[in-house]
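Just so you know, all these numbers are worked out from the coordinates, no wet-lab data involved. It should be emphasised that the depicted structure is a prediction, and the values quoted were computed from it without experimental measurement. All Cβ positions, even for glycine, are placed from backbone atoms using ideal geometry, and neighbour counts span all protein chains on display.
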Amino acid sequence: MFKEQIQFLKKHYHMATVEEVLDAYYSNKALPDHSVLLTFDDAYKDHFEYVFPVLEHEHIQGAFYPPVKAVTEHTVLDVNKIHFILASTPPARFDNLLHEVRLLLDKYRDEYHLDSYEHYFNKLATFDRFDSKEVLFFKRLLQVELPEKLRNTITDELFVKIVGIDESSFSRELYMSIDQIKCMVDCGMHIGSHGYDHYWLSSLPKEKQEFEIAKSIEFIGMVGGDPENWTICYPYGDYNQDTIDLLKEHGCKMGLCTRVDIATLDRDMQDSIFKLPRLDVNDLPKDAHAKPNKWYEIG
């Protein structure tokens, strides 16, 4: 399906590079109509094994955004631990998983001055286009709502109990190695920042955000990327004004979020280059012979 989608895109779109996008914004060079830039988050090994060979063969640049700590220290991102906890829980046993969460909140309530399970569920259990309210509650509780130390503790306990795989071994199976990333850079792929710890950046104080950015720049240089013309894909699509101020201060040229829309390079809108939306892979056809859909008409 990925190969089919690439053929669909080549037929109907101009396959842009990061350099073209930056030139269009900063040097006012024309970008062809219906341009598309391919972005890939989280440095999954699948990107090296399946995506990179197709892009290399088709002479297309991809922009890849590795979370530094997962690659360099062989940890597993909390978001991926959560994904695999969910994937290892059959739908018929999901109530059991929520019961485990309730028990863990009870266990740590006094130590962390927690509210009731019902409080968190009512606050976080909303729908989005991909997840049920129960799944979204589980994700948001463990990704951003609880204190960082407790989020890590509860996620680790559930990962060990439900998934049951050594974290370091799991990380090596899941993410690209440094050498694989260097290989892609040597072949013209773009490597940008996806943070160090893959945190929701707006939840961090400015000093911690600066640490995340500094470690990213260091990593980009280490793998052969360009620390003078770097870009960021915000973890979870999350940022605030402190983030943008720090990015400009440290020479970042572009920021990508997860808002679903066509990106426009609007110089009249303040900091628009740091707020670019993206389409999800599922928003476009995965059939080489498909007709363009509504997104083609929009832009």
Of the conditions (1) exposed (fewer than 15 other Cβ atoms within 10 Å of the Cβ); (2) assigned to a loop (DSSP other than H, G, I, E, B); (3) not small (Gly, Ala, Ser), residue 131 clears all except one; give me its number.
-> (1)
Of residues in the range 173-184 being assigned to a helix (DSSP H, G or I) and in contact with a helix residue (DSSP H, G or I) (Cβ under 9 Å, 6 or more places away or on another chain), the one farthest from residue 229 (Cα to Cα) | 173
Taking residue 239 and the conditions (1) surrounded by 14 or more Cβ atoms within 10 Å (Cβ to Cβ); (2) under 27 Å from residue 8 (Cα atoms); (3) touching a Gly at 6+ places or on another chain (Cβ under 8 Å); (4) not hydrophobic (A, V, I, L, M, F, W, C), which numbered condition does it fall short on, given that it satisfies the others?
-> (2)
Given the conditions (1) acidic (Asp, Glu); (2) in contact (Cβ under 8 Å) with a residue 40 or more places away in the chain; (3) under 19 Å from residue 172 (Cβ atoms), every one holds for residue 56 apart from (3)
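Here's the yes/no breakdown for (1) out of contact with any Phe, Trp or Tyr (no Cβ under 9 Å at 6 or more places or on another chain); (2) touching a residue at least 40 places away in the same chain (Cβ under 8 Å); (3) part of a loop (DSSP other than H, G, I, E, B); (4) of a type in the set (D, E, K, R):
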{"site": "195", "(1), (2), (3), (4)": "no, yes, yes, no"}
{"site": "215", "(1), (2), (3), (4)": "no, yes, no, yes"}
{"site": "226", "(1), (2), (3), (4)": "yes, no, yes, yes"}
{"site": "231", "(1), (2), (3), (4)": "no, yes, no, no"}
{"site": "236", "(1), (2), (3), (4)": "no, yes, no, no"}
{"site": "255", "(1), (2), (3), (4)": "no, no, no, no"}
{"site": "273", "(1), (2), (3), (4)": "no, yes, no, no"}
{"site": "277", "(1), (2), (3), (4)": "yes, no, no, no"}
{"site": "287", "(1), (2), (3), (4)": "no, yes, yes, yes"}
Checking 39, 17 in turn, the sole residue that is of a type in the set (Ser, Thr, Tyr), touching a Cys at 6+ places or on another chain (Cβ under 8 Å) and within 25 Å of residue 257 (Cβ to Cβ) turns out to be 39
For the range 222-239, does any single residue satisfy the condition of being charged (D, E, K, R) and over 19 Å from residue 190 (Cα atoms)?
-> yes
